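The values are calculated or read from the model by the stated rules, or taken from the named source; none is laboratory data. Everything numeric in this text was worked out from a predicted model, so none of it was measured. A quick note on method: Cβ atoms are made from the backbone with ideal geometry, for glycine too, and the neighbour counts reach across all protein chains shown. In case anyone asks, the SASA skips ligands and DNA or RNA and just uses the protein heavy atoms, side chains included. Shrake-Rupley method; radii C 1.70, N 1.55, O 1.52, S 1.80 Å.
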Amino acid sequence: MKEIKINLKNPYSVIVTSTNSHLNFWFEQKKVGKLFIITDQNVDSIYADYFRSFEQKIIGKYIIKPGEDSKRIEIILDIYRALLKNNVDRRCTLIAFGGGVVGDIAGFVASTYKRGTNLVYIPTTIISQTDSSVGGKNGFNLDGIKNIIGTFYQPNLVYIDVNLIKTLDYRNFKNGMAEVIKYGLSLDENLFRFIEENKRAIKEREIDKLKYIVSECVKLKAGIVERDELDLGERHILNFGHTIGHAVETMFDFNILHGEAVAIGMVYESYIALKRKLISEDIFDRLIKILEYFELPTNINIDNYKRFKDIICKDKKNVDNNIKIVLPQGIGRAIITTDVKADTIVQNIQEYNRRLL
């Protein structure tokens, strides 16, 4: 077991392990009473017995449909009603048991129900274990704009059991690897090299390798969140691949998974960096090769660039109509800039796609 402290005004721990046995110990240590679980249909069908050792504490469960379509106000309101029906009070702990969608919804509900209830994340995917469960961001989509409504709300605990990754289908496994690669290329050269050197073992889901990459990503994110909890500056570095990636998700009605869109976004944003001589062809090629090894997409055909540009211009990270984008600067380093215009982004995407013909 590895414990990583998140030192904020309301500090908490991230536990990285490969069993659920430490969870019961934490519940007893913190004198946790009633539990209400928010999960999705896929996770519940596989892990219905995950909480068997403390099922007497569970007073209710809400199961959503998997996928981005569940991140809407109607689902949020229905969960509130379920909490009221089960007499959930502020001493109760909400358990977010699932991937990023479950975490986003449960986090928003916990932050707003009775002005704040206890919250424990038990992320079940790589993308949620390495990224979305840490840092307190949550929210839902509105009018096709991703995460446009949300709050910052830190949990009481993030409990990461990497064994849960074992049952992921491969599409969702590689979906999470896009975020791991993002951390390596933009923040930590040693992590990027570790992924390159251990790609086969990671792909085969060897537990020790999974523990390592998850722990390293959590430590990287923890350091940044501690310095910029409310996402006002430095934390934007975590959005490498996301400016274009979020636009891709929206453009294709979320039929492309988040990590797949981020992989595409990393390629196009790295191509912009290549054109600006921030990275070399060798670094660009290494990114393409590791993404392709995990069978992640590295480009996409866009048939309506006007709509695509409009989506980018509505990104929630933009300030004073300036597009905020992250560009790699070597391996393990990146910069946040607002001097890349929407037209330039589109031109570079079109140029790179022509390069592949």
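When the residues of segment 28-69 are filtered to those that are over 20 Å from ALA82 (Cα atoms) and of a type in the set (Asp, Glu), which remaining residue is surrounded by the most Cβ atoms within 10 Å (Cβ to Cβ)?
Only one residue fits best here, namely GLU68.
Output the number of residues of segment 132-172 satisfying the condition of being touching a residue at least 24 places away in the same chain (Cβ under 8 Å), surrounded by fewer than 16 Cβ atoms within 10 Å (Cβ to Cβ) and assigned to a loop (DSSP other than H, G, I, E, B).
Number satisfying all stated conditions: 2.
Test of understanding: among TYR268, TYR293, which residue is of a type in the set (Ser, Thr, Tyr) and under 20 Å from HIS236 (Cα atoms)?
Working: TYR293 fails: under 20 Å from HIS236 (Cα atoms).
Within the list TYR268, TYR293, the selection yields TYR268.
Count, please, the residues in segment 176-207 that happen to be over 18 Å from ASP285 (Cβ atoms), in a helix (DSSP H, G or I) and open to solvent by 10 Å² or more (accessible area, probe 1.4 Å).
Total meeting the criteria: 6.
Do any residues in segment 253-266 that are without any contact (Cβ under 8 Å) to a residue 60 or more places away in the chain have Cβ atoms under 6 Å from those of residues that are open to solvent by 30 Å² or more (accessible area, probe 1.4 Å), where the two are at least six apart or on different chains, and which pairs are they?
Here the result reads ILE264/PRO297, each pair linking segment 253-266 to a residue that is open to solvent by 30 Å² or more (accessible area, probe 1.4 Å).
One line per residue, one yes/no per condition, for (1) touching a Lys or Arg at 6+ places or on another chain (Cβ under 9 Å); (2) modelled with pLDDT of 95 or more:
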site	(1), (2)
ILE15	yes, yes
PHE27	yes, no
THR39	yes, yes
VAL43	no, yes
ALA48	no, no
ASP69	no, no
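Quick one: would you say ILE15 is open to solvent by less than 20 Å² (accessible area, probe 1.4 Å), among the β-branched types (Val, Ile, Thr) and under 30 Å from ASP228 (Cα atoms)?
yes
Which pairs have Cβ atoms under 7 Å, sit 6 or more apart or on different chains, and link a residue in segment 329-344 that is on the phi > 0 side of the Ramachandran plot to one that is surrounded by 14 or more Cβ atoms within 10 Å (Cβ to Cβ)?
GLY330/ILE279; GLY330/ILE283; GLY332/LEU187; GLY332/ASP188; GLY332/PHE192
Give me the pairs: first residue in segment 14-33 and touching a residue at least 60 places away in the same chain (Cβ under 8 Å), second residue of a type in the set (Lys, Arg) and outside any helix (DSSP H, G or I), beta-carbon distance under 7 Å, and six or more apart or on different chains, which are they?
Here the result reads VAL16/LYS2; GLY33/ARG91, each pair linking segment 14-33 to a residue that is of a type in the set (Lys, Arg) and outside any helix (DSSP H, G or I).
I need a count of the residues in segment 85-113 that are in a helix (DSSP H, G or I) and either in contact with an Asp or Glu (Cβ under 7 Å, 6 or more places away or on another chain) or among the β-branched types (Val, Ile, Thr) (or both). First the steps, then the outcome.
As a first pass, look at segment 85-113 and keep what is in a helix (DSSP H, G or I): 85, 100-113.
Checking which are either in contact with an Asp or Glu (Cβ under 7 Å, 6 or more places away or on another chain) or among the β-branched types (Val, Ile, Thr) (or both) leaves us with 101-102, 105, 109, 112.
Within segment 85-113, residues that are in a helix (DSSP H, G or I) and either in contact with an Asp or Glu (Cβ under 7 Å, 6 or more places away or on another chain) or among the β-branched types (Val, Ile, Thr) (or both) number 5.
Would a scan of segment 136-147 turn up a residue that is touching a His at 6+ places or on another chain (Cβ under 7 Å) and farther than 28 Å from ILE207 by Cα?
Initially, segment 136-147 is screened for residues touching a His at 6+ places or on another chain (Cβ under 7 Å), giving 146.
Keeping just the survivors that are farther than 28 Å from ILE207 by Cα gives 146.
Yes: segment 136-147 contains one or more residues that are touching a His at 6+ places or on another chain (Cβ under 7 Å) and farther than 28 Å from ILE207 by Cα.
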